[in-house]
Amino acid sequence: MAEFKFLKITGLVALALEQKYKGNNMLNQRLLNLIAERNWNGMTEVQQKSLDPILQGKNTLLIAPTGLGKTEAALIPVLNEMLKYDVKPVSLIYITPLKALINDLTIRINWWASRLGFYVSRKHGEVPQKEKNMRLKLVPHIVVTTPEGLEIDLDWASRFRENYKNVKWIIVDEIHELVNSKRGTQLSILLERLKEFSGYDFQRIGLSATVNDEDLMSSFLFGSSSRESQIIRVGEKKEFDLGITKVQGKDDIWKDASKLIVNSIEKPSLIFANSRFITERLHEELEKFGDDFYVHHSSISRESKNAVEDNLRNSKARAVICTKTLELGIDVGEIKKVIMFRPPPSVSSFLQRLGRSGHKINGRPVGEIICLYDFDILEALAIKRLAHKGKLEKTKVCRGLDIVARESIGIVLQYGELEKERIYKIITSSYPFRGLKEDKFEELILYMAKTGVLSLNGNKVSLGKFFFKLWSFNKKNGYSWSRSFSEFFSTISNDETFSLRWGDKTIGEIDAIYVYKQIRSGDILRVGGRLWRVLKINTSRNSLDVAPAENCEGEIPIWRGDSISKSYLLPIEISKILRGNQKNPLIKRIKQTYDNINVNLPSLRTIIVERREDEIVYSVLINERISGTLAHMLLYLAAAENSLNIHARYSIYGFSISRIDEKNLLEEILKINDKKLRGLIIKSILRSPLFFSTLKEIQISFGKVGKIKPDEDKFVVREALRQTVLRYFSIKGTMRFLKDLKEGKIKIVESNKPTPLGYAVMLQAPIKPWIGGLQTVIYDTLKGGAYTANELSEMTGISPKTLEARLKQMRKPDSKYRITNFIDVDSKEIRWCVAEEMEKIAKSCDFYSSFTPVNENETFIATIKPYNGSVSTELIFKAKEIFESPDEIKRRIPFEEIGELRVGDPVDPFVYTFSPRFYYMNKGIAPYVLLNAVAYIQSMKYS
């Protein structure tokens, strides 16, 4: 445990502090009195060490574990200076990454500020309008907000932002949570915009949990500031108690896990899960042990989260099952123990979660990791060892040009019209974009002028006419592709959701795609730890009307974005564990399993190939970005040679691909030279769903809506590819891995039996080829043949429901890839084919009976409606006439495009009871459709 030196708060505290800080830097007596009033046992090391640099006006980064009073360490010296200089409001902006932290922080800061005569105001989306309006009447000295709140003020709050010219201090809380995200990049530019606007080099203070790269963190925060700076690190060797336990039952893992968790709980406990689905599923089991278990995650309402937090503070909760939402410093009282259901994805998140217990000075964190599988224990042991060694993941700064685009618009919103050079200067003053080339920035501005969100007049930039069409104040009155104006200020990916509403209360939210695919009125959902019956689905308002449900089973929604990559440190450490002299019985058992099948232990330098029934598994300890790249390469090659009904998997334990004709596709990759290999990697990434989701996420920032055209939208395609690679893949790492494989530095061994870590790969969710261009896939599959919808579904891997909708759409005249359908007279099934191949298919031997009526001389009548028209025409014909002169039949149809065609018997009305209807065709194929209809009707009449 760390040794902290305390300055005891006794009657001598004022004297002690006065002696320490006499002269220009002496703390104000009023502050000393407040310190005494708090009845602290002492001042923490970080609070003591921060006084000098902050009082001296230095930019300061404070790095310390949770629970050491970092907020007061920054606040006390700033308040001292505020008293000293009789500042004007707004003088301090306190920025936090979470809205949930704002209320707690406002109360915490206000305790000090109000007693010193300073007014504190909070700013976030859920603050009541009355309170928002109040700050114009009574301008606060201190504003507590998020990056999005500051964005709104600088971009749009023209009256209030004038007060920001008085800002002298910025405190950024939990900065480690921001640095590697787009929100952090947004904030870095906002600070430079604020500096430009105020004309003052304000003091910047950052508060961070333990991090690996303090220099990067400080450079990121301090930006273009010319002030002296200092980094303060304290309390990094804080010890912890951690248990690692495996669920032993095999019948019902959820039931067995919940029993183990209940026995492990020390009231109150936090139970961290790695996804929202798991929090709800665990709660479903744990509530059977009592009604003092609660759920806390990002998809339940703020009101529900507040209630859960109050239950923790008031000791009403035995445990709360939560996700990342309770990792940060929300004050929920003393937590006795942290339980993690399965290992967290990184050492950093482990320490953050564990730090929620022992959340007080000298408090020793106590935690337990509950494991389901053997490889869970390997990960838990690796994380524990890495944490003890103080080895953390490196921080990566996001440099997405979509943030440059958003902030360029923000600057224009703020100033109205200004020179390109000035925007470029502000953007490149921020740390992430110091290296942004002027020609790249010029290309970005020109692209945005082309989309219409910006307007260029010489070197002057102003708002484009398209901006307020895209970002609409009233989305319902706008275009189908327009976005709510309030969304513009946030870089958080805003996937469409449906809110759950019970009366006038919002319960939570679920993904729109899940609602469209799965939910119907009357369904029971489990959200926020309660059961809700769906009363009504309001698609126009994106909401579900719900009511409480009792004594029934409920479905837990699947939320997108729950999957998190595992740390690159884990496979390296697991390899060391497997090769070490571990006394852990599990490690011995795993080693014995590999000995029994006479196979080397998996390592960073050995790939074990397992040929399972449907997949080939390549088991190797590997960086997840590299295994992901390899998996996508294999998927690309497999999809090129076969149908799309294939999949791949990947993790830190290796990768796999569907078995294709006994081919070892990895061996095929090893035959490719380096130049072509890099091209293959790029092609496979461009076909990845991850690329298309990134493209969809960023294109709106540049003002691009609708379908991306590669020739016209090269800029945004290149940027989407760059971001996809940086976020999910590793081209250099994969090239190096394959080079080592070619040179024999990595060995390949075969196993005819399954292995424990091969099983870990098989438990990963499968990835499938991206089928965003469904029409192309369907069209290419249909070429040269005629297939039923079920056959097409099997061949393409497209779900029957999706396929049916797309097939119907592709019949219409505006389809680039036009298809049609006919009835297979022998099987009575509908078959689909390429429209221009209809004549060829009608004359083929394969479908002879479907286009050859039994009686050519029988008379029929066709009722034909035009496409986009209501007046129909009738055509009396015989099959014999079509065989003799199909062109004459075409001539007798008075319009090019047919909307509906139906054939009947002029003397037998009963035929209409089974006469088929055909939709959307060019009259060029009408003769063959008429033949098919007659052949089918006669087969029904005479069978």
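The values are calculated or read from the model by the stated rules, or taken from the named source; none is laboratory data. In this text the structure is predicted, and so the values were computed from the model without any measurement. All Cβ positions, even for glycine, are placed from backbone atoms using ideal geometry, and neighbour counts span all protein chains on display.
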* **Checklist (1) surrounded by fewer than 20 Cβ atoms within 10 Å (Cβ to Cβ); (2) closer than 15 Å to residue 78 by Cα; (3) of a type in the set (Val, Ile, Thr) applied to residue 139, failing item** => (2)
* Asked: Can you name the residue in the range 74-113 that is of a type in the set (Asp, Glu) and more than 37 Å from the chain's Cα centre (by Cα) and, of all such residues, is modelled with the highest pLDDT?
  -> 81
* Structure fact -> Scanning the range 834-875 for residues that are in a strand (DSSP E or B), touching a helix residue (DSSP H, G or I) at 6+ places or on another chain (Cβ under 9 Å) and surrounded by fewer than 19 Cβ atoms within 10 Å (Cβ to Cβ) gives 875
* Listed residues 619, 567; which is closer than 29 Å to residue 279 by Cα, touching a residue at least 60 places away in the same chain (Cβ under 8 Å) and either small (Gly, Ala, Ser) or in contact with a Gly (Cβ under 6 Å, 6 or more places away or on another chain) (or both)? -> 567
* Asked: On the given criteria, is residue 180 outside the structural domain of residue 723 (by TED's automatic domain parsing), within 18 Å of residue 490 (Cα to Cα) and assigned to a loop (DSSP other than H, G, I, E, B)?
  -> yes
* Residue list for the range 734-750, restricted to those being buried (at least 16 other Cβ atoms within 10 Å of the Cβ) and of a type outside the set (A, V, I, L, M) -> 734, 737
* Structure fact -> Counted residues in the range 332-347 being at pLDDT below 90 and more than 15 Å from residue 271 (Cβ to Cβ) come to 2
* To do: Could you check, for the range 917-927, whether at least one of its residues is in the same structural domain as residue 839 (by TED's automatic domain parsing), at positive phi and crowded, with 18+ Cβ neighbours inside 10 Å?
  => yes
* Asked: For residue 878, which of the numbered conditions (1) surrounded by fewer than 16 Cβ atoms within 10 Å (Cβ to Cβ); (2) free of Cβ contacts under 8 Å to residues at least 24 places away in the same chain fails to hold?
  -> (1)
* **Residue check, residue 327 in contact with a Lys or Arg (Cβ under 6 Å, 6 or more places away or on another chain) and closer than 23 Å to residue 95 by Cβ** => yes
* Of all residues in the range 259-307, count the ones that are modelled with pLDDT under 85 and of a type in the set (Lys, Arg). => 3
* Asked: Can you find a residue in the range 799-814 that is more than 38 Å from the chain's Cα centre (by Cα) and either surrounded by fewer than 20 Cβ atoms within 10 Å (Cβ to Cβ) or modelled with pLDDT of 90 or more (or both)?
  -> no
* **Of residues in the range 422-457 being more than 23 Å from residue 179 (Cβ to Cβ) and in contact with a Ser or Thr (Cβ under 6 Å, 6 or more places away or on another chain), the one surrounded by the fewest Cβ atoms within 10 Å (Cβ to Cβ)** => 455
* the range 606-621, subset modelled with pLDDT of 95 or more and part of a loop (DSSP other than H, G, I, E, B), residue surrounded by the fewest Cβ atoms within 10 Å (Cβ to Cβ) -> 621
* Residues located in the range 889-928, provided they are part of a helix (DSSP H, G or I), closer than 12 Å to residue 864 by Cα and hydrophobic (A, V, I, L, M, F, W, C) -> 926
* To do: Would you check if residue 690 is within 30 Å of residue 652 (Cα to Cα) and modelled with pLDDT under 90?
  => yes
